[in-house]
Each structure stands twice: as C-alpha cells, then as structure tokens.
C-alpha cells in the first residue's frame with residue numbers, strides 16, 4: 001500500500017471518486033501496512049470508526065470519522 005493508494009482509498013471512502021462501492025477503502029483498512037506512518041493512519045481510522053458507533057442515516061461514516069477522513073486526505077494530498 002503506497003501513499004497514492006491511501007489517498008485513493010480515502011477519496012473512495014468520501015465518494016469523491018465516482019465509485020459506488022468502497023472497495024479501495026475496504027482494502028486499506030483490511031490488512032496491516034508496512035509503512036509505519038500509513039499503518040498509523042489505518043489504525044487511527046479503525047479505532048475512530050469502532051468508537052463512534054453507527055453513522056448518520058444515509059451516510060457511511062459518522063461525523064468524527066468523516067471529518068478525520070477529510071482532514072487526513074487534505075494532509076496527504
């Protein structure tokens with residue numbers, strides 16, 4: 001998993017890529033990443049998603065997770 005693939009995965013999670021499914025994001029969170037920085041991002045979003053609970057109706061992520069995704073995407077781009 002490269003930095004570019006993580007950017008693509010975050011864009012995928014936020015529906016910024018036109019895809020209907022979150023397959024790229026699912027691949028990002030599914031397995032550990034060798035790069036320590038990218039792995040820390042993976043762990044952070046997993047922990048946030050677990051603690052935030054159910055997303056807002058009609059959304060895939062809760063507000064804290066969505067804010068994290070947007071902020072992290074901005075930092076990586």
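Observations on the structure shown:
- Helix 63-76 vs. the chain, principal-axis angle (Cα, 0 to 90°, nearest 10): 30 degrees
- Principal-axis tilt of helix 36-52 within the chain, Cα atoms, nearest 10 degrees: 20 degrees
- Using alpha-carbon coordinates, inclination of helix 3-13 to the longest axis of the chain, degrees: 10 degrees
- Relative contact order of the chain, defined on C-alpha pairs under 8 angstrom at six or more residues apart (%): 30 percent
- Convex hull volume per residue for the chain, taking Cα atoms only, in Å³: 82 Å³
- Going from the residue with the fewest nearby Cβ atoms within 10 Å to the one with the most, 10, 76 rank 76, 10.
Readers should treat all values here as calculations from the given coordinates under stated rules, not as data from a laboratory. All of these numbers come straight from a predicted model, not from anything done at the bench. Every residue, glycine among them, receives a Cβ derived from its backbone with ideal geometry; neighbour counts consider all protein chains shown.
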